[in-house]
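For reference, the structure is listed below as structure tokens.
The values are calculated or read from the model by the stated rules, or taken from the named source; none is laboratory data. Predicted model only: the values in this text are computed from it and were never measured. All Cβ positions, even for glycine, are placed from backbone atoms using ideal geometry, and neighbour counts span all protein chains on display.
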């Protein structure tokens with residue numbers, strides 16, 4: 001991969017890295033959102049998504065003042081494997097919601113989602129100075145619940161039988177994490193002030 005084709009990276013972990021959204025990835029983002037096996041785990045209902053709809057989402061996301069969106073890259077290959085972001089960032093109360101999608105099926109089950117979420121939360125707490133982050137997941141999404149727990153998220157409540165899926169109702173699960181419960185894996189060292197020079 002040439003230097004010009006290499007992804008722009010903001011935060012690098014051991015196996016994944018986070019970088020800005022890129023317009024040239026729109027066909028890839030579109031493919032992920034048209035995979036109903038993937039979208040059943042998201043807030044969106046499975047539906048055919050057009051390039052025009054995805055482009056409109058991209059234009060809004062790329063210019064949002066209250067949301068922060070990242071592409072997730074597999075470090076070994078540089079390939080984009082998903083997206084994650086902070087949503088509805090509330091600076092006054094220092095809180096936000098988080099979301100993640102591992103769009104590439106071959107990248108699931110490798111711990112990439114937990115590591116990407118750890119980097120995203122590191123950005124929220126260390127770079128933005130937020131105090132708390134929260135997310136919603138579904139009762140049937142056991143792998144996501146395990147990944148979030150590895151990062152430090154705890155269940156804080158449920159909206160009972162609020163998600164219709166596969167012929168029955170399931171609970172929506174709310175999970176949260178406080179800055180005081182999290183230790184920065186990357187950004188604390190990267191953003192530390194320079195020591196005084198003698």
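Could you tell me whether any residue of region 105-123 is part of a loop (DSSP other than H, G, I, E, B), without any contact (Cβ under 8 Å) to a residue 40 or more places away in the chain and either surrounded by fewer than 17 Cβ atoms within 10 Å (Cβ to Cβ) or within 12 Å of the chain's Cα centre (by Cα) (or both)? First the steps, then the outcome.
Restricting attention to region 105-123, the residues satisfying the condition of being part of a loop (DSSP other than H, G, I, E, B) are 108-111.
With the extra rule that they be without any contact (Cβ under 8 Å) to a residue 40 or more places away in the chain, the set shrinks to 108-109.
Applying the additional criterion that residues be either surrounded by fewer than 17 Cβ atoms within 10 Å (Cβ to Cβ) or within 12 Å of the chain's Cα centre (by Cα) (or both) yields 108-109.
So far as region 105-123 goes, yes, one or more of its residues are part of a loop (DSSP other than H, G, I, E, B), without any contact (Cβ under 8 Å) to a residue 40 or more places away in the chain and either surrounded by fewer than 17 Cβ atoms within 10 Å (Cβ to Cβ) or within 12 Å of the chain's Cα centre (by Cα) (or both).
Filter region 149-174 down to the residues that are under 21 Å from residue 46 (Cα atoms) and assigned to a loop (DSSP other than H, G, I, E, B), then identify the one that is modelled with the highest pLDDT.
Out of the qualifying residues, it is 167.
So, residue 177, is that one farther than 23 Å from residue 38 by Cα, assigned to a loop (DSSP other than H, G, I, E, B), at pLDDT 95 or above and within 21 Å of the chain's Cα centre (by Cα) or not?
No, not satisfied.
In this structure, is residue 129 within 28 Å of residue 79 (Cα to Cα) and surrounded by fewer than 17 Cβ atoms within 10 Å (Cβ to Cβ)?
Working: within 28 Å of residue 79 (Cα to Cα): no; surrounded by fewer than 17 Cβ atoms within 10 Å (Cβ to Cβ): yes.
Criteria not met by residue 129.
Looking at region 13-49, which of its residues are touching a residue at least 24 places away in the same chain (Cβ under 8 Å), out of contact with any strand residue (DSSP E or B) (no Cβ under 9 Å at 6 or more places or on another chain), surrounded by fewer than 15 Cβ atoms within 10 Å (Cβ to Cβ) and within 29 Å of residue 187 (Cβ to Cβ)?
The answer is 14, 23.
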